[in-house]
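Enquirer: Before we start, here is the structure in question, set down as structure tokens.
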6 protein chains.
Amino acid sequence: MKTAKRNAIWLDELSTCEAKEAADIGTVVIFPVGSVEEHGRHLPLCTDSLQAEYIAVEVANKTRCLVAPPLRHGICNAGHNFPGTISIGFDTVFAVARDVLSELTRNGFCRIIVLSGHAGSSHITALKLAAQEAVKRKQDAGKRKTRIMVLSDYDFAYELKDKLSFDKNDGHAGAIETSRVMAIRPDLIKAKGEASFPSMPRFEIVADPERYFPSGVNGDPTQATHTKGKEINEYVIEQLTKLVDELKG
Amino acid sequence: MKTAKRNAIWLDELSTCEAKEAADIGTVVIFPVGSVEEHGRHLPLCTDSLQAEYIAVEVANKTRCLVAPPLRHGICNAGHNFPGTISIGFDTVFAVARDVLSELTRNGFCRIIVLSGHAGSSHITALKLAAQEAVKRKQDAGKRKTRIMVLSDYDFAYELKDKLSFDKNDGHAGAIETSRVMAIRPDLIKAKGEASFPSMPRFEIVADPERYFPSGVNGDPTQATHTKGKEINEYVIEQLTKLVDELKG
Amino acid sequence: MKTAKRNAIWLDELSTCEAKEAADIGTVVIFPVGSVEEHGRHLPLCTDSLQAEYIAVEVANKTRCLVAPPLRHGICNAGHNFPGTISIGFDTVFAVARDVLSELTRNGFCRIIVLSGHAGSSHITALKLAAQEAVKRKQDAGKRKTRIMVLSDYDFAYELKDKLSFDKNDGHAGAIETSRVMAIRPDLIKAKGEASFPSMPRFEIVADPERYFPSGVNGDPTQATHTKGKEINEYVIEQLTKLVDELKG
Amino acid sequence: MKTAKRNAIWLDELSTCEAKEAADIGTVVIFPVGSVEEHGRHLPLCTDSLQAEYIAVEVANKTRCLVAPPLRHGICNAGHNFPGTISIGFDTVFAVARDVLSELTRNGFCRIIVLSGHAGSSHITALKLAAQEAVKRKQDAGKRKTRIMVLSDYDFAYELKDKLSFDKNDGHAGAIETSRVMAIRPDLIKAKGEASFPSMPRFEIVADPERYFPSGVNGDPTQATHTKGKEINEYVIEQLTKLVDELKG
Amino acid sequence: MKTAKRNAIWLDELSTCEAKEAADIGTVVIFPVGSVEEHGRHLPLCTDSLQAEYIAVEVANKTRCLVAPPLRHGICNAGHNFPGTISIGFDTVFAVARDVLSELTRNGFCRIIVLSGHAGSSHITALKLAAQEAVKRKQDAGKRKTRIMVLSDYDFAYELKDKLSFDKNDGHAGAIETSRVMAIRPDLIKAKGEASFPSMPRFEIVADPERYFPSGVNGDPTQATHTKGKEINEYVIEQLTKLVDELKG
Amino acid sequence: MKTAKRNAIWLDELSTCEAKEAADIGTVVIFPVGSVEEHGRHLPLCTDSLQAEYIAVEVANKTRCLVAPPLRHGICNAGHNFPGTISIGFDTVFAVARDVLSELTRNGFCRIIVLSGHAGSSHITALKLAAQEAVKRKQDAGKRKTRIMVLSDYDFAYELKDKLSFDKNDGHAGAIETSRVMAIRPDLIKAKGEASFPSMPRFEIVADPERYFPSGVNGDPTQATHTKGKEINEYVIEQLTKLVDELKG
């Protein structure tokens, strides 16, 4: 991959000509996906979006990759019925991701990381099915092979639970998420947050998950600190950077 | 409508509790929709997105309405095959808009303006069909009636063509759009821009519209100025503000 | 294009062998699309269908093109809830048009005009999307290129408003439509018609458009005459004839 | 059912007010469905459409029922690959029928006969599934019950094979169809027609049915006469009239 | 076709390597489809499934073809509302059959018999449409041609009505079905069964077919015997064997 | 729950009357879902199906619940391209599960366990989305609440890895699966099996997963024994039994 001369980080801040140049030199693209979902009384609805976009921008700053305009809506399960949640359908998330990946590869951007700030299993499945459709299309001779990764930044963040002495069940709106938002957008911390380790039904599919999850929190946000958030984010950035480098090869 | 105490402009920067309060007092929501589409050599791909989002935020500042997280992708026709364009399907735009509107109304946000920075006719049709589905659902007794408007900020901007002595055919990436971007994000102006008034087939549906439209510009961007852009934006903000006030009533 | 020996105007009045001959010599096909929609107390529900089909047949008589069996149903917005309206879905209109265009081109009829008597914007969008799908399919070597036009006969008829001193807002069931039906099927004029210039919401999407539009008329049908209708129809026929000639080339 | 005062036979030749009156007095509606399909060298592509529409109009003349604007396209299997055939998809036929039946019942026309001139089994299945969806919708209290019949006029025509000494395998474009077209539209008889009793695979689904069916005829059209056609048509009209009477009750 | 060395009858009892060998030598595959539908007081809900699977296994024993894992659910019309019936949608049956046929042919199994124990017309249409899609796909050079048959074992069983002196209207849960179940799974005969020859509406599509069909039986199960069942099954096996042999050629 | 008098374990071996009785007394239903997927050289393609069905039948024997006719096809990712695999689409699995669950609840069977022998994440997501749709439907007053669980028997089986000294990465076609098949259908063990711990890409979505997974095995089947298989199966049966008891309550 040649070195890009552009300043822009966001793909859609390029002009059409600049986009062509970026595609021609094999620039990696990160496509951030978020959600609008309750995250307790203390975190904003955009918690998932802002983490994925922050990481994507930081990695782009380090690696000269580009960040595609994000999808800010996702599929929410446990938080579906809470005020403020905007959960869009499985088929809808799949369709957006399929169309965006199809257009990116038409443009010649064929090394792509779909980075989701939201880690719900049906949400991730929708993104993976879209990526599968893109990589299964036959490659024309002489073109770069399409390579797509799909992951949540939480795949990395959770690796630090032990090191940071967080509860092994820490999850949604817990110590990790709260720490990370503290480090990224401290102005959006609304309250102190209270610990809550709800017990969701293991196998039952329920229409009212909020009954088992009234706080909307799974973890102990009181253990969150700005410093820990910075450490987590740096670790995630480092890991993503490796993936970008792998795709550049 | 009572007065909101919150500082946030973006709906998803609220917490779940704040979102509930905002819905309860009947807050109007603007849902900005953009596109990733070539806009000549001189404007960025996000030209449509940034105009709609800028207007939405300014109107929210004036009216205390909220701005929903945007949809940054749209349906592009004339610019479809240019490098950098990311055009998503008609059914995809419809599905996102339908799901977002459905969730906003579930939350009690039932006064909504869908504000598109992109004014392509199939794009606008997809948004209108989604709004139709939302308003046709029966209202429960005692609830506020759902009211949704769908428009492009260009519906207003074009009203100033005469006043600003712009060509009556000024359009995509022309004097108006260039002026507006100059006023909003001057750092994203890439080049001077060249006048071009392409003659597209009036009725024929073509697979390669770029053949008739090689510059990707329809208008004379050399007539654009920062001052004119500011005037246009202020006019659009003023008109949108009236619509928000109408919905509050 | 060689000269056709057949007498038939309607494509489906040909036998299979005659259809093959017509396709082989490059015959242009007009596919008329109508609607079943209220047109005030004075005009029949089939007003849109009969105009498009009349024009198509007249143009076929002049140019030796063929008229495909019509689609008699369309997407109605403003008139949706009136008695007698039969509005079919967006996806349904798209599907019929897509399938018919696909089969026409399979048959070798690759120069096609989709002529809609109904000019609603979602209706026209559905037809255009179907045409786009047809022209985007790759052409086999040695075959004629597929060329498809989509228009409403009202795109031409409205050009005569000034000349005929009709109100500039004359529209649905107004002076133009009434004049044209007078000239085509005077037996279907049910009543005198009354002027009405309803004020529809500019941007709001409403479930009950008939509330703003109780007469179902937008214009002044009292200004309609048989002579004016004949003049309009002749003008439309003349313009369509030029389009057929353009496609023959 | 009260007596209708109108003259029109075709539902869409009514005005909106006339349609309301017709629905209010419980008028039965026949919805004719045809096809565009090869019918040998001697019959036109519209053979199925013209029979169904002729019968519908005659029955309407006798019973004062209405004829809805027809669907002129159907699903063709054996004749799919012949020149001139325009076969639309299963889902497309279903969608049109579903939407038309839904709109007819919204209008209060709740006694309906779907009369198909084409008798292919997947075509009829699509129509029946659409009717099922319509009758399964719950009825509001006090409204007439929705009753829908789906049939091909060939369900009756074939009952006369013995009486007319036609071959028991007489079918597509054979003696019956040819006789009927002779009686309805003699100007569309293109040639004498030749007998052909092709042997189609009993169970195999083939991509090229025309290989087994090169003449596009299944029967002996040389036995057709105008007189026999008239007899068949009268019999079908008589049977349909009974069905309309049954629905009126 | 070379001789298979394997013992298994069921395709999915093979290992991946054994499946490859079976495909390589051109093994015919029978894909049995059943239903879960009421069959009177005397027969089990799985009556259709067990007949098709029994026949498939017997034919496989004689011909060394394979039996694909069955689809046990179908589309039920007349019996839809009875307790115990599990009727799945038209699109669902189509989708399963389409996907299974697509995967069988990807594996190189390109001679296939879809054998349905249920003979409802929309059920069979769904299976036929799926087969059509499979056979229409273009074949790569050098590969065996895909050949697919779709039938119900009742297409053969009904041929014996005269010989066995059964009523010509014998059908659902009648003498034939009862005899066959007696011969296959006598332990599942629940009761004696009572004769019933219901008169279903000839053309009307009804939401409550059980009203015309309260016994859920169409025929005279009291005439059923184990011996007759055996005779029918043997005849069906013999006919299917011929079809397998035809596909092997 | 009253005690059932019937002998049958399989729901579709009941008659319509017996099914009604079983639903009336609140019988729990297990719906087994399998797959047709390569499982190395040593295990059959039906490995997933047979485990789920075996467990379901054993649990039914102990608890007097019923087993619905299985879905024998699933969504295969890693094994998709291997010979013998029959992978059906995501939407297809969803549609079957949605329809079956909808019909079971229509019948009054409203306590259901969807037990999948295949544990792929998109496969499980499809089943969970179907269950979500079923539980979200509003309950009529006086009816039992619909309760549905979705799980793989591997959710339990994997809990024994430590106890049985199996590798913590043991998975597809490894020691657990091989042991279980040894205990259930020893005749289907084809070969000894060889250990293989393939390293799949952690995040990359690849079109050819078999490249990373040539053996089709993930684990060490040489550690499998009949005794261990029996122990695992008994444990799984015990756990499932508890779930059935929980749903009965």
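All of the numbers you see were taken from the coordinates with simple rules; none came from a lab. Only a predicted model underlies this, so the values are computations on that prediction, with no experimental measurement involved. Here the Cβ positions follow ideal geometry from the backbone for every residue, glycine too, while neighbour counts run over all protein chains shown.
Enquirer: To the nearest 10 degrees, how steeply does helix A:47-63 sit against the main Cα axis of chain A, on a 0 to 90 scale?
Expert: 40
Enquirer: Tell me the mean residue ellipticity at 222 nm calculated for chain A from its helices only (DSSP H runs of n ≥ 4, each -39500 (n - 2.57), averaged over every residue, nearest 500). Don't skip to the end; give the middle numbers.
Expert: On the way: 7 runs with 96 residues, N = 249.
About -12500 deg cm²/dmol.
Enquirer: Let me ask another. Taking each label point as 7 Å beyond Cα in the direction of the beta carbon, state the distances from D:Asn61 to the same residue in the other copies, shortest first, in nm.
Expert: Spacings between copies for this position, smallest first, are 2.5, 6.5, 7.5, 7.5, 8.4 nm.
Enquirer: Moving on. In nm, to one decimal, how far is the modelled label at A:Lys163 from the one at D:Asp162, with both set 7 Å along Cα→Cβ?
Expert: With each label placed 7 Å out from Cα toward Cβ, I get 9.0 nm.
Enquirer: Given the C-alpha centroids of the range F:17-47 and the range B:59-115, what is the distance between them in whole angstrom?
Expert: If we compute the Cα centre of each part, the gap is 43 Å.
Enquirer: What ratio of Cα Rg to 2.2 N^0.38 Å holds for the range A:8-150?
Expert: On the way: Rg = 15.6 Å, N = 143, 2.2 N^0.38 = 14.5 Å.
Computed over Cα atoms of the range A:8-150, the ratio equals 1.07.
Enquirer: Let me know the Rg and Dmax you get for the range F:186-249 when you use only its Cα atoms, in Å.
Expert: My reading of the Cα-based Rg and Dmax gives 17.4, 49 Å.
Enquirer: Would you mind calculating the relative contact order of chain D from Cα pairs under 8 angstrom and at least 6 residues apart, reporting the percent as a whole number? List each step's numbers first, then the result.
Expert: Values: 490 pairs, mean separation 57.1, N = 249.
Once divided by the residue count of chain D, the mean separation gives 23 percent.
Enquirer: Determine, from the Cβ-Cβ distance of C:Thr227 and A:Asp24 and an R0 of 60 Å, the FRET efficiency 1/(1 + (r/R0)^6), rounded to the nearest 0.05.
Expert: Working: r = 63 Å, r/R0 = 1.05.
In this case the efficiency is close to 0.40.
Enquirer: Positive end of the charge dipole of the range B:62-187 (Lys, Arg +1 and Asp, Glu -1 on Cβ, about the Cα centre): tell me which of B:Leu151, B:Ser121, B:Gly89 has its Cα farthest that way.
Expert: Highest projection toward the positive end goes to B:Leu151.
Enquirer: Further question: Please work out whether the range B:109-249 counts as rounded, prolate or oblate from its C-alpha gyration tensor, where a ≥ b ≥ c are the square roots of the eigenvalues and a/c under 1.5 means rounded, while otherwise a/b larger than b/c means prolate and anything else oblate? Walk me through the numbers on the way to the answer.
Expert: On the way: a/c = 2.91, a/b = 1.57, b/c = 1.85.
Note, shape of the range B:109-249 comes out oblate.
Enquirer: To two decimal places, what compactness ratio does the range E:63-104 give when its Cα radius of gyration is scaled by 2.2 N^0.38 Å? Intermediate results must be reported in sequence, preceding the final value.
Expert: Details: Rg = 13.2 Å, N = 42, 2.2 N^0.38 = 9.1 Å.
Scaled against compact globular proteins, the figure is 1.45.
Enquirer: Still on this model: Give me P(r) over the protein assembly as shown, computed from all C-alpha to C-alpha distances, binned every 20 Å, as integer percentages.
Expert: Each 20 Å bin holds this share of Cα pairs: 9, 33, 39, 18, 1.
Enquirer: Please compute the modelled spin-label separation between B:Lys62 and F:Lys143, points set 7 Å along Cα→Cβ, answer in nm with one decimal.
Expert: Inter-label distance under the simple model: 5.2 nm.
Enquirer: Taking all pairs of distinct Cα atoms, average 1/r, flip it, and tell me the Kirkwood hydrodynamic radius of chain C in Å to one decimal place.
Expert: On the way: mean 1/r = 0.0536 Å⁻¹.
Radius from the Kirkwood sum: 18.6 Å.
Enquirer: Could you estimate the translational diffusion coefficient of the range F:79-146 from the Stokes-Einstein equation, with Rh from the Kirkwood formula over C-alpha pairs, at 10 °C and 1.306 mPa s, in whole µm²/s? Walk me through the numbers before you get to the answer.
Expert: Details: Rh = 13.3 Å.
Rounded to a whole number, D works out at 120 µm²/s.
Enquirer: Longest span of chain F, sites excluded, free of trypsin sites (Lys or Arg not before Pro) in DSSP loop with at most 14 other C-beta atoms within 10 Å?
Expert: On the way: sites that count: F:Lys2, F:Lys5, F:Arg137, F:Lys138, F:Lys143, F:Arg144, F:Lys145, F:Lys163, F:Lys168, F:Lys192, F:Arg202.
With a cap of 14 other Cβ atoms within 10 Å, the longest stretch comes to F:6-136.
Enquirer: Shape verdict for the range E:1-67, please, from the Cα gyration tensor: rounded (a/c under 1.5), prolate (a/b greater than b/c) or oblate. Can you show the working numbers first?
Expert: Details: a/c = 3.54, a/b = 2.71, b/c = 1.31.
Verdict is prolate for the range E:1-67.
Enquirer: Given charges of +1 on the Cβ of Lys and Arg and -1 on the Cβ of Asp and Glu, with all other atoms neutral, how large is the dipole of the range C:89-200 about its Cα centre, in debye to the nearest 20?
Expert: Values: 18 positive and 14 negative charges, 138 e Å.
About 660 debye.
Enquirer: Provide the percentage of antiparallel DSSP beta bridges, counting only those with both residues in chain B; round to the nearest 5. Provide the component values of the computation, followed by the final result.
Expert: Details: 3 of 19 bridges.
Looking only at bridges with both residues in chain B, the antiparallel portion is about 15 percent.
Enquirer: On to the next question. If eta is 1.002 mPa s and T is 20 °C, what Stokes-Einstein diffusion coefficient results for the range E:69-189, Kirkwood Rh from Cα pairs, in µm²/s? Show your work: numbers first, answer last.
Expert: Working: Rh = 16.3 Å.
This corresponds to a translational diffusion coefficient of 132 µm²/s.
Enquirer: State which entries of A:Lys62/B:Lys190; A:Lys163/A:Lys248; B:Lys248/C:Lys168; B:Lys145/F:Lys136; A:Lys242/F:Lys163 exceed 27 angstrom in Cα-Cα distance in the structure shown. All intermediate terms of the calculation are to be shown ahead of the outcome.
Expert: Working: A:Lys62/B:Lys190 24 Å; A:Lys163/A:Lys248 31 Å; B:Lys248/C:Lys168 33 Å; B:Lys145/F:Lys136 24 Å; A:Lys242/F:Lys163 37 Å.
Pairs exceeding 27 Å: A:Lys163/A:Lys248; B:Lys248/C:Lys168; A:Lys242/F:Lys163.
Enquirer: By how many degrees, between 0 and 90 and to the nearest 10, does the Cα long axis of helix A:121-136 differ from the longest principal axis of chain A?
Expert: 10
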